[in-house]
Amino acid sequence: MKTPLRLAALLVVTAVPALAQQPVIEISGANFRPMPLALPVPLAQDDGAKGATAEFDAALQFDLQACGLFQVLDRKSYLSDSKEGVTASTITFQNWLNVGAESLVKTQLSKDGENLRGDLRLFNVNAGREELKVSEAVPLKDARRLAHKLANAVYKHFTKETGPFESRIAFVRKSASGKDVYVADWDGKNASAVSNGNINVLPAVAPDRSVAFTSYKRGKPELFIGRGGAEATLLVSNGRMVSGVDFSPDGKRIAYSVADGENAEIWVANADGSGGTKVTDTKYFLNSSPSWSPDGKKLAFVSNRAGSPQVYVMNADGSDVKRLTFQGNYNQTPAWSPRGDLIAFTARDERNAFDLFTVEVATGKIKRLTQDAKNNEEPSFSPNGRLILFTSTRGGSKSLYVMTFEGNNQVALPLDKGDFTTPDWGS
Amino acid sequence: MSARTESLLQPRPTPLKGFVALSVAAHIVFPVLLTIIGWLIAPPKVALDPQPIKASLVRLGKKRDEKLLPRKEEPPPPPPAAEKTAPAVTPAPPDKAVAIPSKDAKADPKKDAAKEPAKDAKKSLFDAFNKTGRPTPDEPEGDPDGDKDGDSSKQEGERYFGLLSAVVKRNYDVSDTIPEGERRTLRATVVIKLGVTGELVDVELSKGSGNELFDAAVVGAVKKAAPFGPPPAHLRDSLKKNGVALVFSP
């Protein structure tokens, strides 16, 4: 009988520590940091490709650096020879490990008839293995587009999402004769004018890549639209001041603001400007800057109905209006994230600086994205919602910048000097 | 006595019924009694699935008006570096070469200041405006009763766990390449055991997230954060024997 008793006693003794309470601490709020990535100079395989190398290289470097996922390592630190091979068996991975790289991207360019061909290989440096191999071809003059295509492939490999590098943006640039609307690649390059002289502002890119904007060319502000390089045509004019257009995500409707005296209201119409309906009705107050929700059922907008400009949301027919921001007394230019959970906006803080914030649609929780870097305004989300395009005066004149939706990796677009305002990021 | 009356087959009175009845009664009464006694003298329940402790350390500073827009959460300033004593070196002979001023060379700022008194006056005026309502660098925002090592705007839970959490969080770096969709479900548990001086005695990934990058990052965060401060006396034994579980989510 002694043995079973001893066994029972032993079980009790060993069970006690297991039952002792172990404190559990929850830790969240990771510092997501870009992955260190090495990107050696592309190898040109023939003379035909040599001329395109610099442009291709600049575009690829910018894409990978500015998207916020990667920290492109300084080439001066590289230990491997620039002519090192592009296959796993010819790469000395230890050299790349030693410079802190976790990923390595090698590219080769070659002329293929009238086309420029680009081959990209992505390696996991720790594992010493190839993880992605992709090949694309474009007309010889489109070296930047080739870079954007290959950058998208790398982006998709890691995130499983479509990258933003082949999307288009619109913005306003000040000129000697006024302000003109331009449409360009996501990095601001390859820009072409949509308007022609006078004052043109507040562009919006439609899903079909046509660009609507507010123009003062006939005196009062009216909405115009430019399609495929043709001269812009009138979209909405109703004798009052019409401005600030935004396309619904399916491209079938537009929302805009119509001002009359001391009052401004939000209107919704068909994408061709027909069937306009007033959806807010607040005598003596201003309602402006509509931005569609990704499902096309709601609108975010600015209203001063409570005394100061604040961000509100409502159904697209004007029902169920809710105030979303309660902090700050000058909140404006809302932009609804394509993911639906956040609305980015500009706010003037207690130091009289304009900065960018996001507000969670579900909870109203506000997060600051920019701080202590002069004035930062006019946010617009990338099509996948991961990046925000905005204007900033941190470099002197107002220019365009991108950052992640959490406010990290704030990078200037490689634009010429100038005064750039009211950007909009299309698909 | 006759042989007939002494027969074993003769029916006799038996106590079996009484035993059965007693047994049934005992089987009913004893469990009921035990339950009642159990209720009366039951010890506090042991939580087999303990609730996580939310521990954050409020930083020392001035309280922020809730109506104001938020400021970015920033880590506390690093401790002041120990003064370095410059090694005694033999002074180099004076360079007699005269520098040739380049086209891009910046002019002497002192000379510029003398040339532009009006600009300076304007700047100081703007500076005066800018300072209005702005806390000075010596007045960080937080709580007057906060902690100099704090990194949060609110105080919760045991101070030592708050400190532990703040130090680990400062080293909690995760690769941005982890897809957004995956981040929402990532959860990893690391159990750490600490010595009396706060040194890391043991670290174990007790429950992985399924993502190699994330798991490596959370273990790395703990290792980089160690050693921690010495635990208070009432936690010392528990942290050494049972440890503390850190549940990481992005």
Q) Considering only DSSP beta bridges whose two residues both sit in segment A:35-159, what percent are antiparallel, to the nearest 5? A) 75 percent
Q) Taking the Cα centre of chain A as the origin and placing charges on Cβ (Lys, Arg +1; Asp, Glu -1), which of A:Ala206, A:Ser248, A:Phe357 is farthest toward the positive end of the dipole? A) A:Phe357
Q: Name the long-range amide H neighbours of A:Ala264: under 5 Å, sequence gap of 5 or more, or other chain; modelled H, no Pro or chain starts.
A: A:Phe285, A:Leu286, A:Asn287
Q: Can you tell me the equivalent ellipsoid semi-axes for segment A:35-159? Use √(5λ) from the Cα gyration tensor, largest first, whole Å.
A: 23, 16, 13
Q. For chain A, what relative contact order do you get, as a whole percent, if you take Cα pairs closer than 8 Å and at least 6 residues apart?
A. 10 percent
Q: Report, in order of residue number, the helices in chain A meeting two criteria: a C-alpha extent of 15 Å or more along the helix axis, and a mean Kyte-Doolittle hydropathy of at least 0.5; treat each whole DSSP H run as one helix.
A: A:2-19
Q | Residues A:Tyr78, B:Tyr172, A:Tyr312, A:Tyr284 arranged by fewest to most Cβ contacts within 10 Å | A | A:Tyr284, A:Tyr78, A:Tyr312, B:Tyr172
Q) When Cβ neighbours within 10 Å are restricted to other protein chains, what is their mean count per residue of peptide B:164-176? A) 5
**Q.** Tail beyond 13 Å, pair distance distribution of segment A:166-218 (Cα, percent)
**A.** 53 percent
Q) Once the other residues with Cβ under 12 Å from the Cβ of A:Phe158 are scored (Lys, Arg +1; Asp, Glu -1), what is the net sum? A) -3
(Q) If the only charges are +1 at each Lys and Arg Cβ and -1 at each Asp and Glu Cβ, what is the size of the charge dipole of segment A:152-231 around the Cα centre, to the nearest 20 debye? (A) 220 debye
Q. Check A:Trp186: other-chain or 5+ apart residues with amide H under 5 Å from its amide H, H built from backbone geometry?
A. A:Ser167, A:Ile169
Q. Alpha carbon centre of segment A:406-427 versus segment B:172-206: separation in Å?
A. 36 Å
Q. Measuring from centroid to centroid over Cα atoms, what is the spacing of segment A:241-320 and segment A:60-95 in Å?
A. 48 Å
Q. Hey, what do the phi angles of segment B:12-26 turn into as Karplus ³J(HN,Hα) couplings, whole Hz, using 6.51/-1.76/1.60 and θ = phi - 60°, x for Gly and Pro?
A. 10, x, 10, x, 4, 4, x, 4, 4, 4, 5, 4, 4, 4, 4
Q. Which far-off residues, 5 or more places away or on another chain, put their amide H under 5 Å from the one on A:Ser195, with H placed in the peptide plane?
A. A:Val181
Q: Would you mind putting A:391-397, B:195-201, A:325-331 in packing order, based on average other-beta-carbon counts within 10 Å, highest first?
A: A:325-331, A:391-397, B:195-201
Q.
If you take every residue apart from A:Met241 with its C-beta less than 13 Å away from the C-beta of A:Met241, what net charge results, scoring Lys and Arg +1 and Asp and Glu -1?
A. -1
Q | For segment B:158-250, share of DSSP beta bridges that run antiparallel, in % to the nearest 5 | A | 100 percent
Q) So how do A:Phe301, B:Phe161 line up by other beta-carbon neighbours within 10 Å, fewest first? A) B:Phe161, A:Phe301
Q: Could you tell me the convex hull volume per residue, in Å³, taken over the Cα atoms of segment A:168-425?
A: 119 Å³
Q: Count, for each residue of B:239-249, the Cβ atoms from other chains sitting within 10 Å of its Cβ, then give me the mean as a whole number.
A: 4
Q.
As a footprinting exposure proxy, order A:Ile169, A:Ile199, B:Ile41, B:Ile28 by other Cβ within 10 Å, with the fewest listed first.
A. B:Ile41, B:Ile28, A:Ile199, A:Ile169
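Where a number appears in this text, it was derived from the coordinates with a stated rule and is not lab data. A quick note: this is a predicted structure, and the numbers were derived from the prediction, not measured. Here the Cβ is made from the backbone with ideal geometry for all residues, glycine too, and neighbour counts use every protein chain on show.
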